[in-house]
Structure formats: structure tokens, C-alpha cells
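Worksheet: the structure to be examined is printed underneath.
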Amino acid sequence: MKRRDFVKKGALISSLPFLNNILYSKTRKIKLSSSNFNLNYAPHFGMFKHHAGDDLIDQIQFMYDNGFRAIEDNGMKSRSKSIQEKISKKLDTLGMSMGVFIGSSIDWEKPTLTTGRKEFENVFLNDLKKSIEVAKRVNATWMTIVPGVIDLKQEIGYQTVNLVETLKRGSELLEPHGLIMVLEPLNWWSNHPGQFLKKIPQAYQICKSVNSPSCKILFDIYHQQISEGNIIPNFEKSWTEIAYIQIGDNPGRNEPTTGEINFKKVFEYLYNKNYNGILGMEHGNSIKGKKGEKKVIESYIEVDSF
């Protein structure tokens, strides 16, 4: 039976062992859900640690047992080579995908990639070279890039050209490997004041100017709801340049159903667009502990039930 039909019959919540407080442990691994979601949602490490424990491999197994088929890990690049290899092996065994990791450690809190200064460009390109090796090791495709804050000493137009030229050089490194850097616009209101890249149309213009399959948009629904709204229209207009999507409700940046965004409609739109990429669950849990972890899963079941 398809899971969406199961939901319609109102039986899914009560049928899941996880939601009836059956505990997960290293000695008793319970398959909590045999069905996938309609879309490819990707939790991050720590999201289900109260049930799966601190071990990263056990956390991956727990995500899989609950129907998730991808993970994302902003901090993957900083993990040891041995841990990266263990994570990759587990994902491969389960047939799961690796989502984004942070591709460059360049400082987001000062003007960098928009300045035209070679010292910043060189740091960025060297970071990308290291990220290529990490991506190969963990079988990843996408790496997040944030250009940094506005340079108050330069006009926006000049900064845009500086950024485009730097991203072109970065794309030349990534293209032969089939890798993609995804530019993430960040909201100026709640989290990241002063950032150069704030809105989807701006990211669209930059990606079109770079004109490379290795430079695309990371559409973070949480950030864009704050910065500009119009979630579905902006998806529609920038669709050709979007390579990755992240999730978070507003206000609070927690799981869907905790804020103002109609995720069921957004996800139904993405499903009808035949989006088969990853949607990173880059948000917190609205409730602490095991109860909160249950609520995250319940929320995704609810908004994925179109």
C-alpha cells in the first residue's frame, strides 16, 4: 500500500512502532518504517540522537529506518578521513545519498569574495580543491558557498562582477568532477545581517552570469520566507538554476507545521515539478528530547501526505 493512501485512512500514526514509544537501541534495531517519503528529505546528525545515540553510524541507521534516504552534514569537511569513510560506507550500504557540506571556510562575516582581492580568491579556490577530495570520499555532489558580507567601499554592481569572476574560476575546478557549489542567500532580518547575497533573484542573476553547471542556487525556504516570501513563484522563476533545497519553518527555524509556511503545498508543488533532489532538514527540533524527535517525524509524515 502506498503511504499516502495509508495516511488518508488515518491509520499511519498509530501503526508506527516508533510513535508508540518502542525504543531504539544498539542491541535491538527496530525497523520503524518500510516506506519512503514522496520527496527526499535529509536529516542532519544530532537530530535524532536521543533515540539513536551519539554514534553517527547508528544515527544514519535510525534515519533510514524511519524512511529517510539522505543526510546532510555542514561539518563533514572538518571530520577525520576515517569518519568520512565510515559514513560513506554506511550510506552506500543503505543506498542513501549525501547532501551538502560547507565547501569553503572563508569568513562569512566580512567582505571577501565580492572584493576582487586575490588573497580571498586564492583561499576560496584552495578550499574548493580540498572540498573536491572530501566530496569524492563521501560521494557528495553539492557544497554550500556563502560569499560574505557587503563591501561598503564598493558599488553593488562592481561587487557582483567580482563575485561572478571568482565563481567562474571555482566552477572550472569543479566541472571536471561533476560537482556543484550551491550559493545560499541568507536572510538579513533574523540571522545574518549585512550579507551580500540575500535573495533568490540575485542568486539567479549571478548563476546565469557564471553560466556553469557547477554553480547553482541553494534555495533555503526558511531564509527566503523571511527575506522575500513568494516561495512558489520564486521557485518557478529560478527553477533552472536551483540544485538544492533546504527546509525550516518560520518563525523559529524548526520542523514544518511549527510556523507560518504551508509546507504541504510547497512540497506538493515540488513533487509535481518532478524534483528528485535532496531537501535538507536544516532546522532545529521545536521540542527537546525523544518527544521532539517524534514530533519531527510526525510533522514530515503530515506535510508529505499530499
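The values are calculated or read from the model by the stated rules, or taken from the named source; none is laboratory data. Just so it is clear, the model here is predicted, and its values are computed rather than measured. Heads up, the Cβs are rebuilt from the backbone with ideal geometry, glycines too, and the neighbour counts pull from every protein chain shown.
Scanning segment 159-195 for residues that are closer than 16 Å to Asn126 by Cα and part of a loop (DSSP other than H, G, I, E, B) turns up just one, Leu179.
If I filter segment 125-158 down to residues being of a type in the set (Asp, Glu) and assigned to a loop (DSSP other than H, G, I, E, B), which single residue comes out as farthest from Lys81 (Cα to Cα)? It would help to see each step written out before you state the result.
Here is the first cut: in segment 125-158, the ones of a type in the set (Asp, Glu) are 127, 133, 151, 155.
Then keep just the ones that are assigned to a loop (DSSP other than H, G, I, E, B); that gives 151, 155.
On the way: Asp151: 36, Glu155: 42 Å.
Ranking the qualifying residues of segment 125-158, first place goes to Glu155.
Taking Glu268 as the residue in question, decide whether it is acidic (Asp, Glu), more than 24 Å from Ser190 (Cβ to Cβ) and modelled with pLDDT of 95 or more.
Numbers: acidic (Asp, Glu): yes; more than 24 Å from Ser190 (Cβ to Cβ): yes; modelled with pLDDT of 95 or more: yes.
Here the answer is yes, as Glu268 does meet what is asked.
What residue, among those in segment 46-90 that are part of a helix (DSSP H, G or I) and aromatic (Phe, Trp, Tyr), is surrounded by the most Cβ atoms within 10 Å (Cβ to Cβ)?
Step one: filter segment 46-90 for residues part of a helix (DSSP H, G or I), giving 49-52, 56-65, 76-78, 81-90.
Next cut, aromatic (Phe, Trp, Tyr) only: 62, 64.
Values: Phe62: 24, Tyr64: 22.
It comes out as Phe62.
Condition first: assigned to a helix (DSSP H, G or I) and over 16 Å from Ile180 (Cβ atoms). Now tell me which residues in segment 103-124 satisfy that. If the condition is that a residue be assigned to a helix (DSSP H, G or I) and over 16 Å from Ile180 (Cβ atoms), then Lys118, Glu119, Phe120, Glu121, Asn122, Val123 are the ones that fit. Annotation note: Cβ proximity below 7 Å between a residue of segment 225-248 that is in contact (Cβ under 8 Å) with a residue 40 or more places away in the chain and farther than 18 Å from Glu268 by Cβ and a residue that is basic (Lys, Arg) and outside any loop (DSSP other than H, G, I, E, B) (sequence gap 6+ or interchain) occurs for Ala243/Lys216.
Give the residue that is surrounded by the most Cβ atoms within 10 Å (Cβ to Cβ), with candidates limited to residues of segment 144-163 that are under 23 Å from the mean Cα position of the chain (by Cα) and either free of Cβ contacts under 8 Å to residues at least 60 places away in the same chain or closer than 12 Å to Pro111 by Cα (or both). Steps first, please.
We begin by selecting, within segment 144-163, every residue under 23 Å from the mean Cα position of the chain (by Cα); these are 144-149, 163.
Subset that is either free of Cβ contacts under 8 Å to residues at least 60 places away in the same chain or closer than 12 Å to Pro111 by Cα (or both): 145-149, 163.
Values: Ile145: 28, Val146: 23, Pro147: 30, Gly148: 25, Val149: 20, Leu163: 24.
For segment 144-163, the residue satisfying everything is Pro147.
With respect to (1) modelled with pLDDT of 95 or more; (2) of a type in the set (Phe, Trp, Tyr); (3) farther than 20 Å from Asn40 by Cα, the lone exception for Trp189 is condition (1). What about Thr166, is it modelled with pLDDT of 95 or more, among the hydroxyl-bearing types (Ser, Thr, Tyr) and buried (at least 22 other Cβ atoms within 10 Å of the Cβ)? Answer is yes for this residue.
Quick check on segment 105-125: of everything there that is in contact with a strand residue (DSSP E or B) (Cβ under 8 Å, 6 or more places away or on another chain) and acidic (Asp, Glu), which residue is nearest to Glu155 (Cα to Cα)? If we take residues in segment 105-125 being in contact with a strand residue (DSSP E or B) (Cβ under 8 Å, 6 or more places away or on another chain) and acidic (Asp, Glu), then Glu109 is nearest to Glu155 (Cα to Cα). Taken together, the residues in segment 102-143 that are more than 22 Å from the chain's Cα centre (by Cα), buried (at least 18 other Cβ atoms within 10 Å of the Cβ) and either β-branched (Val, Ile, Thr) or over 16 Å from Ser171 (Cβ atoms) (or both) amount to 5. Scanning segment 264-306 for residues that are among the aromatic types (Phe, Trp, Tyr), closer than 21 Å to Ile242 by Cα and buried (at least 21 other Cβ atoms within 10 Å of the Cβ) yields a single hit, Phe267.
Quick one: would you say Asp54 is among the acidic types (Asp, Glu) and in contact with a Leu (Cβ under 8 Å, 6 or more places away or on another chain)?
Values: among the acidic types (Asp, Glu): yes; in contact with a Leu (Cβ under 8 Å, 6 or more places away or on another chain): no.
Criteria not met by Asp54.
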